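The values are calculated or read from the model by the stated rules, or taken from the named source; none is laboratory data. Note that the structure is predicted; figures quoted are calculated from it, not measured. A quick note on method: Cβ atoms are made from the backbone with ideal geometry, for glycine too, and the neighbour counts reach across all protein chains shown.
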Amino acid sequence: MRTQINQKNSKNVNTNQTQNKWAIFTYHSPIIRKITNLFKQTDIKLAFRNTNTIRQTIRPKLKDNTQGHDKSGIYKLICKTCNKENIGQTSRNLTLTYKEHIRYIKNNDPQSAYALHILQNRHEYGPLEDIMTLIKPIRNANLLIPYEQLLIQTTHKEGNLISEQKHGEHNPLFALITEYNYRHT
């Protein structure tokens, strides 16, 4: 009989206890504490999780081995004879783009403005490290054309653009940007 009474009492105790509800927050900054203060008046218990884990601290960090010529983005090619610049954009790495320009020159095939400049004027070109520079690394392909146009217009305004490259229509937004940059540099 005692066992039956004890079993009934334990069932009553178990039904009276409520299940604890937990909310887990990732701790990024002290602002999380302010947000969690909203839960103090509720039956929800709070737990914090850290973003730094032992795995992250133990794991070796990979270095960014991509050199300037292994990246994509906006580049400039410089003519060794007249020091004028050709501005271009590529979603591939610069080494491939450089080889493409040189192939056009060697095959007497003026498919690029730079190749046309070198062939028409009989100017000299040089090795990749001397004539090609990554101006702005860009990974997002949607930003390549706007940045290229901005830098073409800026280079044209400075008088450094090769004459074979089309500088496009005057864009007032680009003019505002270049004016602002000239005033604040």
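Taking the range 90-115 as the range and being more than 18 Å from Gly73 (Cα to Cα) and either outside the structural domain of Ile78 (by TED's automatic domain parsing) or touching a His at 6+ places or on another chain (Cβ under 8 Å) (or both) as the test, only Ala115 passes. If I ask for residues that are part of a loop (DSSP other than H, G, I, E, B) and small (Gly, Ala, Ser), which ones from the range 132-168 would you list? Scanning the range 132-168 gives Gly159, Ser163, Gly168.
Do we find a residue being free of Cβ contacts under 8 Å to residues at least 60 places away in the same chain and of a type in the set (Phe, Trp, Tyr) anywhere in the range 130-151? No, the range 130-151 contains no residue that is free of Cβ contacts under 8 Å to residues at least 60 places away in the same chain and of a type in the set (Phe, Trp, Tyr). Filtering Pro110, Pro146 for residues that are under 14 Å from Asn86 (Cα atoms) and surrounded by 13 or more Cβ atoms within 10 Å (Cβ to Cβ) leaves a single hit, Pro110.
Within the range 43-69, take every residue that is surrounded by 13 or more Cβ atoms within 10 Å (Cβ to Cβ) and part of a helix (DSSP H, G or I) and give me the one that is modelled with the highest pLDDT. Result: His69. With the condition kept exactly as written, say whether any residue in the range 19-29 is modelled with pLDDT of 75 or more, over 31 Å from the mean Cα position of the chain (by Cα) and closer than 30 Å to Asn121 by Cα. The answer is no, given that none of the residues of the range 19-29 is modelled with pLDDT of 75 or more, over 31 Å from the mean Cα position of the chain (by Cα) and closer than 30 Å to Asn121 by Cα.
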